[in-house]
Amino acid sequence: MRGLMQDWPLLCHRIIEHAARYHGTQEVVTRSVEGPIVRTTYAEIHKRALKVSQMLQRDGIKLGDRVATIAWNTARHLECWYGIMGIGAICHTVNPRLFPEQIAWIINHAEDRVVMTDITFVPLLEKIAGQLPSVERYVVLTDKAHMPQTTLKNAVAYEEWLAQADGKFEWQDFDENTAAAMCYTSGTTGDPKGVLYSHRSNVIHSFMANSKDALGTSSSDVMLPVVPLFHANSWGIAFSAPAMGTKLVMPGMKLDGASVYELLETEKVTHTAGVPTVWLMLLNHMAAGNLKLPHLEFVVCGGSAMPRSMIKAFVDMGVTVRHAWGMTEMSPLGTLAALKPPFSDLKGDAQLDVLQTQGFPPYGVQMKITDDAGKELPWDGKTFGRLKVAGPAVAKAYFKVDTKILDDEGYFDTGDVATIDPHGYMRITDRSKDVIKSGGEWISSIDLENLAVGHPAVAEAAVIGVFHPKWDERPLLIVQLKQGQSATREDILKFMDGKIAKWWMPDDVVFVEGIPHTATGKILKTALRDQFKAYRFPNAAA
Ligand code: AMP
């Protein structure tokens, strides 16, 4: 027997419709790419998103066509986002931090017909436009006054283009499994891979994101997503915040400590989300000026492991820290470290121990850890295994790639290595390709990095496995010191000694000027492995 409830498809554009209808006057504040702070509302964004749909349709864009955005977090980007999805076209968010050749590869692979871009990226696009045969038009997200001279094909200023629409347009219903958005993984090896979200997966993910143990904002909160729309839907915030009628503060292109601080302060932001690098810049800025953020209640941090010292800095400010793990293929939320019983009342180091884990999944994500043969491993908080996941917002295949990516039980191998404890808290110990294999045992590079950055002179730390004639691999600690600070190899090793098993201690410490990062802010271990290819440990007797 079938249920007798309505067939109401889960469609992304219904989210902004809801925001406009029930939270129409709620503000969306943007630090515009042109400079000034610009204020609009959900009602206005909805109205203009309909115009975007109308204009795209007039330009011949239809269901299933790909429209790229290469843009910062702004209200205009949000309008394009919903306008594209509302007609069943696919919003392809392109990460501008990738190399130009990768951007060209991705646009060609997706066969984007229109590119909507901020003025910032016009010079970059001009360089590669000759290699982009599928692109018919470029819409530059600005007004006539700020429109640059450009050679881009059929280029038009967004405001002029939008002014041609009368807004008499309505979004239709279609199958909720229709593709809504796509995002390519940054792929440190091999070609980038396209993850194709559906309307259904995005809406379900926004419910997950809005649960209290996840991001859980309300209509009286103010959310500043530092994490970009091009990084897995700004972790779903572009859907979850309008769904709740949460005021949004969009930081545009200025993500340095001072600029983010200014917005957090002046807009009385309660909730914010970003990668550890962003919080490092903010905390440094605040420490230098002895600044406070009395309105800030909740900081989400993910994308890379959140260092313990950073968690402590926020906890000491009275801010709730939500360490999150996920990936593009998961829309992206996987787990979040809320404090559940029996851990709710913990204090001090015991509390930090739990907050530092990657947490447990919201309803809608299932996890398991297995050995290399696929056999499930125990949830004892100690045994490391390959982390695999399943759920309605987890990818089952990549765009235009035939390879099977799920195991026989329908689980996706995340490429991460993790432990899970009896309460369901997961702890990432490494990427499977970064884990250090020393004498047949595994050493977590992430644990060593987290420990090393706790040293007061260390700005950033990376650990790679380097060949060792006896142990196969041993850990090499690569350190970037804070400006104006000094520390020796011995100081750092002494700081780490006693805090980890003896055989996990790095065999050497080297100092570098800077640590390379991927386009999504992760440490680029492939580049470091390359850089230290010829390195040999001083203690390694052949
Ligand atoms: P991306 O698809 O670019 O978001 O990258 C996903 C990968 O980032 C994951 O598979 C992890 O390796 C890493 N990652 C994300 N969040 C965390 C975290 N909180 N701790 C450690 N690694 C993380």
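The values are calculated or read from the model by the stated rules, or taken from the named source; none is laboratory data. Worth saying up front: this structure is predicted, and the values here are computed from it rather than measured. Virtual Cβ from ideal backbone geometry, glycine too; neighbours counted across all protein chains shown. The area values use the complete protein model at the heavy-atom level, side chains included, leaving out ligands, DNA and RNA. Shrake-Rupley method; radii C 1.70, N 1.55, O 1.52, S 1.80 Å.
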Completion exercise
Taking Cα pairs closer than 8 Å and at least 6 residues apart, the relative contact order of segment 426-530 in percent is 23 percent
Exercise for the section: Write out the trypsin sites (Lys or Arg not before Pro) in segment 493-542 meeting two conditions: DSSP loop, and at most 15 other Cβ atoms within 10 Å of their Cβ. Expected result: 499, 533, 536
Handout entry: Virtual spin-label span in nm between residue 21 and residue 63, 7 Å along Cα→Cβ
Key = 2.2 nm
Practice task
Using every pair of alpha-carbon atoms in the chain, split the distances into 10 Å bins beginning at 0 and state the percent of pairs per bin, rounded to integers.
Solution key: 4, 18, 28, 27, 16, 6, 1, 0
Problem - Computed E for residue 500/residue 126 - FRET, C-beta separation, R0 45 angstrom, nearest 0.05 - result: 0.35
Handout entry: Of the trypsin sites (Lys or Arg not before Pro) in segment 310-401, those whose Cβ has at most 13 other Cβ within 10 Å and which sit in DSSP loop
Key = 347, 375, 382, 396, 400
Exercise for the section: Just the number, please: percent antiparallel of the DSSP beta bridges in segment 430-542, rounded to the nearest 5. Expected result: 80 percent
Practice task
When a/c is below 1.5 the answer is rounded, else prolate if a/b is larger than b/c, else oblate, so apply that to segment 193-307 with a ≥ b ≥ c taken from the square roots of the Cα gyration tensor eigenvalues.
Solution key: prolate
Practice task
Find me the longest stretch of the chain that has none of the exposed GluC sites (Glu not before Pro), where exposed means in a DSSP loop (not H, G, I, E or B) with at most 11 other Cβ atoms within 10 Å.
Solution key: 171-512
Completion exercise
Placing each pseudo-label 7 Å from Cα in the direction of the beta carbon, residue 413 and residue 488 end up separated by a distance in nanometres of 4.5 nm
Completion exercise
With R₀ set to 56 angstrom, the calculated FRET efficiency between the beta-carbons of residue 340 and residue 511, to the nearest 0.05, is 0.85
Handout entry: Rounded to the nearest 10 Å², the accessible area of residue 298 at probe 1.4 Å
Key = 20 Å²
Handout entry: Amide proton proximity set for residue 250, modelled H, under 5 Å, gap of 5+
Key = 29, 30, 31
Practice task
Indicate the gyration tensor shape class of segment 436-531 (rounded, prolate or oblate), computed on the Cα atoms with a ≥ b ≥ c the square roots of the eigenvalues: a/c under 1.5 is rounded; otherwise a/b larger than b/c is prolate and the rest oblate.
Solution key: oblate
Fill in the blank from the handout: For segment 1-129 the mean separation of alpha carbon contacts under 8 Å (6+ apart) over residue count, i.e. relative contact order in percent, is 24 percent
Completion exercise
Computed for segment 364-431: size of charge dipole around the Cα centre, +1 on C-beta of each Lys and Arg, -1 on C-beta of each Asp and Glu, debye to nearest 20, value 220 debye
Handout entry: Listed residue (139, 128, 231) projecting farthest to the positive dipole end of the chain, Cβ model
Key = 139
Exercise for the section: Quote the FRET efficiency, to the nearest 0.05, computed for residue 375 versus residue 442 with a Förster distance R0 of 22 Å and r equal to the Cβ-Cβ distance. Expected result: 0.85
Completion exercise
Counting only DSSP loop positions in segment 228-305, the trypsin sites (Lys or Arg not before Pro) whose Cβ has at most 16 other Cβ atoms within 10 Å are 254, 268, 292
Problem - Simple spin-label estimate for residue 396 and residue 254 in nanometres, 7 Å along Cα-Cβ - result: 4.6 nm
Completion exercise
With the 1.4 Å probe rolled over protein heavy atoms, the chain has an accessible area per residue in Å² of 42 Å²
Exercise for the section: Report the paramagnetic label zone for residue 150: residues of segment 73-87 whose backbone N is under 14 Å from a point 7 Å from Cα along the Cα-to-Cβ axis. Expected result: 77
Problem - Chain lengthening between residue 350 and residue 163 when straightened (0.36 nm per residue, less Cα-Cα) - result: 61.6 nm
Exercise for the section: Starting from the Cα gyration tensor of segment 44-194, take the square roots of the eigenvalues, sort them a ≥ b ≥ c, and report rounded, prolate or oblate (rounded when a/c is under 1.5, otherwise prolate if a/b is larger than b/c, else oblate). Expected result: oblate
